[in-house]
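Below: one structure, written as structure tokens.
The values are calculated or read from the model by the stated rules, or taken from the named source; none is laboratory data. Treat the numbers as computed from the prediction; the structure is a model and nothing was measured. Cβ atoms come from the backbone with ideal geometry, glycine included; neighbour counts cover every protein chain shown. Calculation scope for accessible area: heavy atoms of the full protein, side chains included, ligands and nucleic acids excluded. Shrake-Rupley method; radii C 1.70, N 1.55, O 1.52, S 1.80 Å.
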Amino acid sequence: MVIRVRDLVKRYGNLTALDHLDLDVQAGEIFGLLGPNGSGKTTAIHCILSLLTFEQGTIDVFDCEMTPDAYELKQNIGVVMQNVAVFDELTVYDNIDYFCGLYISDKAKRKQLVQEAIDLVALNDFVKFYPKKLSGGLLRRLNIACGIAHQPRLIIMDEPTVAVDPQSRNNILEGIKKLNQAGATILYTSHYMEEVEQICSRIMILDKGRVIRTGTKEELKATISLGEKITIEVENLPSHILENIKTNPHIATFDYDDHVLVARFIRGENGLVDLLELMNSSHLQLGRVYSELPTLNDVFLELTGKELRD
Amino acid sequence: MIAHILKYRLKCFLRDRQMVFWTLLFPLLLATLFNFAFANLGQIDQYVQAKIAVVDNLAYQQNLPFQSVIEFVSGTSEPLTTKLFDVTFTDAKSAQTLLLNKSIDGYIELNPKIQLVVYESGFKQTIIKGFLDDFVQTETVLTELIQNNPQSVDEDMIELAQVRRDYLADSSSNQANTNPAVIYFYSLIAMTALYGGFWGLRVVTELQADLSPQGARASIAPVHKLKRLIIEIVAALVVHFAIVLVVILYMFGVLHISFGSQWIYVILAAFAGSLMGVSFGACIAALVKKGEGMKIGVLISSTMIMSFLSGMMYHGIKYTVTQAIPALAWLNPANVLTDAFYALYYYDTYQRYFINLSILFAFSLIFCLLTYVVLRRQKYASI
Ligand SMILES: Nc1ncnc2c1ncn2[C@@H]1O[C@H](COP(=O)(O)OP(=O)(O)OP(=O)(O)O)[C@@H](O)[C@H]1O
Ligand SMILES: [Mg+2]
């Protein structure tokens with residue numbers, strides 16, 4: 001087990017930020033910690049890294065107790081913090097080299113690692129820039145490079161891709177996958193469910209410091225009652241068809257607004273064909289028609305009664 | 001690893017333009033102002049030894065009291081520097097010539113009243129005149145003394161001359177620094193050294209996870225905290241001491257302030273002061289909780305109070321404190337630092353100076369250890 005957290009309780013005054021949290025990250029996996037703002041992701045990471053005191057619980061990393069002076073453990077950990085932590089007086093290259101050098105003494109090896117990190121976050125054109133001259137997204141990419149350049153066995157990333165544009169984000173996610181394939185275990189937090197779905201092998205959904213559910217994305221989706229969501233663009237839907245839909249036992253919820261019909265089927269029922277036949281029988285002109293499988297947002301919605309996204 | 005961290009921290013600190021600018025600019029500005037203000041005061045060390053001629057005529061030969069006074073203040077029995085006057089005995093003609101080609105500041109001729117002849121009026125001339133007026137004022141008394149008790153003449157003369165000399169040559173018995181303005185520049189160097197506190201503050205801020213994201217990163221790095229702290233303090237000290245050196249060089253090279261043969265001691269004291277300043281700032285930053293603004297506030301106000309109590313703003317305070325509460329004087333690092341400089345100024349020996357320096361190094365050690373003790377408890381209740 002790379003990370004093992006048991007019964008972790010962390011309070012800030014009266015606020016319980018982590019409520020008896022259990023968490024296991026196994027070697028070789030990309031573990032996603034998914035939760036809305038304030039759910040306790042960052043707090044959990046800070047506890048794991050022994051930066052925060054906590055009221056109760058145990059934390060082991062690489063099967064050893066994590067403490068502030070567990071320097072051998074720290075040697076194997078790379079962290080991308082939620083807050084950008086770079087030095088304004090150092091260039092992009094120097095920043096990465098500096099942080100990498102805290103872990104890697106060998107100069108030649110460091111040079112190569114720094115270059116790989118620069119490639120990963122695609123900052124080649126900006127190596128001589130000072131952080132003040134970087135845009136928000138570029139700065140985030142530098143922050144990532146500083147955290148992972150030494151290519152540790154365990155990488156912990158706290159919402160690393162906030163403010164990063166889609167193309168660079170894809171680059172970074174691919175890079176993370178590569179680091180993972182090269183042997184790194186990754187703990188990844190985000191409130192972007194697409195990201196988590198795209199790269200994580202296992203996901204934990206967190207809300208108000210409590211674990212809602214843990215599993216692969218398929219497992220998570222299988223736990224909820226909703227099935228596919230069907231969207232049909234259709235003008236002037238006759239009332240008898242609406243009535244028909246309302247009484248269809250396979251449809252959990254539906255909504256017709258602005259010429260768009262959204263119907264959610266309960267799990268296991270494939271109602272697209274039925275629905276289209278119903279439309280055809282009334283010779284309705286259909287616009288776009290598409291079907292979506294449930295997302296983690298749906299999972300979150302059903303489990304907590306609120307949206308994951310703001 | 002050590003060289004790596006040192007190299008990049010030096011780079012960071014040197015490029016911290018704002019900090020370098022302010023810690024450098026303010027002392028340079030003050031030094032320039034001081035220099036301007038003390039431009040006239042600077043002449044004191046030249047007049048301390050006025051060159052005079054005494055016309056060796058019959059009237060002089062007959063005025064025994066005056067003769068003994070002149071002999072005393074120009075006496076060969078004492079080292080040259082402690083003499084008030086450098087006296088040449090000559091005839092009236094040559095005295096005039098000497099005065100015209102400015103070899104002397106004035107000459108005294110008795111006819112038989114004592115007369116001072118000067119060519120221009122300046123500080124030295126005022127001193128000579130003051131000396132003569134003083135003599136004339138007491139002449140009556142002296143004459144009586146001579147008539148009643150000729151044996152006591154010498155002693156009384158010596159006493160009289162002694163008082164005058166002490167008054168005039170008060171500045172120092174120490175040959176290197178006869179210029180009283182130097183003491184203000186010493187204070188300024190001490191103040192610049194204390195600015196090191198800001199660097200110490202930065203060091204600690206960037207080492208603590210609850211103070212900065214950089215601190216969080218430092219806390220998760222596999223580098224021992226004590227090692228890390230020492231390297232960072234060294235880097236800050238190097239940069240800060242360089243700034244202090246620039247200030248000293250400016251005083252020396254541009255303002256032509258002479259520290260005499262003591263420049264090496266001045267630099268050593270500046271180093272000890274810089275180390276104390278940096279570690280003091282680090283310690284304050286570590287001990288004071290509640291945000292950066294609070295830390296800066298406490299640092300500035302404590303430095304101000306210490307400087308004030310050490311007489312850097314109003315000189316008299318230093319002696320009041322030293323006399324009223326001696327312990328406070330020794331427990332105030334700023335006072336120990338200024339005292340090291342004053343020791344250079346007032347004393348011939350370096351004993352007091354080195355005692356002060358040892359205390360400064362002890363303070364620095366204590367400040368660093370306190371900082372480490374706080375940093376070592378690396379877990380925080382809230383980040
Ligand atoms: N230093 C602190 N002092 C007091 N409360 C805090 C502190 N840090 C976090 N909290 C509270 O603890 C809870 C968890 O915060 P945390 O930062 O762990 O959430 P998060 O999941 O990382 O959120 P986000 O997605 O916004 O980063 C929140 O309710 C937050 O308000
Ligand atoms: Mg967070």
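Would you confirm whether or not segment A:234-249 contains a residue that is assigned to a strand (DSSP E or B), touching a residue at least 24 places away in the same chain (Cβ under 8 Å), open to solvent by less than 30 Å² (accessible area, probe 1.4 Å) and not aromatic (Phe, Trp, Tyr)? Spell out the reasoning first.
Looking only at segment A:234-249, we keep the residues that are assigned to a strand (DSSP E or B), and these are A:234.
Now restrict to residues that are touching a residue at least 24 places away in the same chain (Cβ under 8 Å): A:234.
Of the ones still in play, those that are also open to solvent by less than 30 Å² (accessible area, probe 1.4 Å) are A:234.
From what's left, not aromatic (Phe, Trp, Tyr): A:234.
Yes - at least one qualifying residue is present in segment A:234-249.
When the residues of segment A:7-35 are filtered to those that are touching a His at 6+ places or on another chain (Cβ under 9 Å) and more than 14 Å from ligand 2 (Cβ to nearest atom), which remaining residue is most open to solvent (accessible area, probe 1.4 Å)? Please lay out each step first, then the result.
If we filter segment A:7-35 for residues that are touching a His at 6+ places or on another chain (Cβ under 9 Å), which is where we start, we get A:7-10, A:34-35.
So of that shortlist, the ones also more than 14 Å from ligand 2 (Cβ to nearest atom) come out as A:7-9.
Details: A:7: 57, A:8: 1, A:9: 2 Å².
Once the filter is applied, the top-ranked residue is A:7.
Regarding residue B:369, is this residue in the same structural domain as residue B:304 (by TED's automatic domain parsing), more than 16 Å from ligand 1 (Cβ to nearest atom) and open to solvent by 10 Å² or more (accessible area, probe 1.4 Å)?
In short, yes.
Being part of a loop (DSSP other than H, G, I, E, B), in contact with a Leu (Cβ under 7 Å, 6 or more places away or on another chain) and near ligand 2 (Cβ under 9 Å from one of its atoms) is the filter here, so list the residues in segment A:36-51 that pass it.
Across segment A:36-51, the qualifying residues are A:39, A:40.
Tell me which of these residue B:374 doesn't satisfy, since it passes every other one: (1) within 14 Å of chain A (Cβ to nearest Cβ); (2) under 23 Å from residue B:279 (Cα atoms); (3) within 16 Å of ligand 1 (Cβ to nearest atom).
(3)
Filter segment A:89-137 for residues that are over 25 Å from residue B:222 (Cβ atoms), free of Cβ contacts under 8 Å to residues at least 12 places away in the same chain and of a type outside the set (S, T, N, Q) and give the result.
Within segment A:89-137, A:125, A:133 meet the criteria.
State all residues of segment A:56-69 that are surrounded by fewer than 17 Cβ atoms within 10 Å (Cβ to Cβ) and more than 23 Å from residue A:206 (Cβ to Cβ); if no residue qualifies, say none.
If the condition is that a residue be surrounded by fewer than 17 Cβ atoms within 10 Å (Cβ to Cβ) and more than 23 Å from residue A:206 (Cβ to Cβ), then A:63, A:64, A:65, A:67, A:69 are the ones that fit.
Restricting to helices (runs of 4 or more DSSP H) lying wholly in segment B:286-344: which have 3 or more residues that are surrounded by 16 or more Cβ atoms within 10 Å (Cβ to Cβ) and not aliphatic (A, V, I, L, M)?
Those helices (runs of 4 or more DSSP H) span B:291-309.
Return yes when residue A:175 is surrounded by 18 or more Cβ atoms within 10 Å (Cβ to Cβ) and either small (Gly, Ala, Ser) or at positive phi (or both) and no when it is not.
Against the criterion (surrounded by 18 or more Cβ atoms within 10 Å (Cβ to Cβ) and either small (Gly, Ala, Ser) or at positive phi (or both)), residue A:175 qualifies.
Return yes or no: is residue A:11 over 25 Å from residue A:125 (Cβ atoms), charged (D, E, K, R) and away from ligand 1 (no atom under 12 Å from the Cβ)?
Considered against the rule, which asks whether it is over 25 Å from residue A:125 (Cβ atoms), charged (D, E, K, R) and away from ligand 1 (no atom under 12 Å from the Cβ), residue A:11 comes out as no.
Would it be correct to say that residue B:276 is assigned to a helix (DSSP H, G or I) and within 21 Å of residue B:359 (Cα to Cα)?
Criteria met by residue B:276.
Which of the residues spanning segment A:198-231 are open to solvent by 40 Å² or more (accessible area, probe 1.4 Å) and farther than 21 Å from residue A:42 by Cβ?
Those that are open to solvent by 40 Å² or more (accessible area, probe 1.4 Å) and farther than 21 Å from residue A:42 by Cβ: A:198, A:201, A:217, A:218, A:219, A:221, A:222, A:223, A:225, A:229.
Taking segment A:89-124, which residues are within 29 Å of the chain's Cα centre (by Cα) and among the hydroxyl-bearing types (Ser, Thr, Tyr)?
Those that are within 29 Å of the chain's Cα centre (by Cα) and among the hydroxyl-bearing types (Ser, Thr, Tyr): A:93, A:98, A:103.
Residues of segment B:1-29 being more than 7 Å from every other protein chain (Cβ to nearest Cβ), under 26 Å from residue B:227 (Cα atoms) and surrounded by 12 or more Cβ atoms within 10 Å (Cβ to Cβ), which ones?
B:2, B:5, B:6, B:7, B:9, B:10, B:13, B:14, B:19, B:20 - these are the residues of segment B:1-29 that are more than 7 Å from every other protein chain (Cβ to nearest Cβ), under 26 Å from residue B:227 (Cα atoms) and surrounded by 12 or more Cβ atoms within 10 Å (Cβ to Cβ).
Can you name the number of the only condition in (1) among the aliphatic types (A, V, I, L, M); (2) open to solvent by 30 Å² or more (accessible area, probe 1.4 Å); (3) under 17 Å from the mean Cα position of the chain (by Cα) that residue A:139 fails?
Here residue A:139 clears every test but (3).
Pick from B:278, B:254: which is more than 18 Å from residue B:372 (Cβ to Cβ) and away from chain A (no Cβ under 14 Å)?
Details: B:278 fails: more than 18 Å from residue B:372 (Cβ to Cβ).
None of the others qualify; the one that does is B:254.
Across segment B:216-232, what is the total count of residues that are within 39 Å of the chain's Cα centre (by Cα) and more than 8 Å from chain A (Cβ to nearest Cβ)?
Final tally of qualifying residues: 7.
Looking at (1) β-branched (Val, Ile, Thr); (2) modelled with pLDDT under 95; (3) surrounded by fewer than 23 Cβ atoms within 10 Å (Cβ to Cβ), which is the only condition residue B:189 fails?
(3)
So which of A:106, A:165 is more than 16 Å from ligand 1 (Cβ to nearest atom), under 30 Å from residue A:207 (Cβ atoms), among the charged types (D, E, K, R) and surrounded by fewer than 18 Cβ atoms within 10 Å (Cβ to Cβ)?
Every option except A:165 fails the conditions.
Against the conditions (1) open to solvent by less than 70 Å² (accessible area, probe 1.4 Å); (2) more than 14 Å from chain B (Cβ to nearest Cβ); (3) more than 13 Å from ligand 2 (Cβ to nearest atom), where does residue A:191 fall short? Just the number, please.
Result: residue A:191 fails condition (3) only.
Scanning segment A:36-55 for residues that are open to solvent by 20 Å² or more (accessible area, probe 1.4 Å) and over 23 Å from residue A:172 (Cβ atoms), which turns out nearest to ligand 1 (Cβ to nearest atom)?
Here the answer is A:38.
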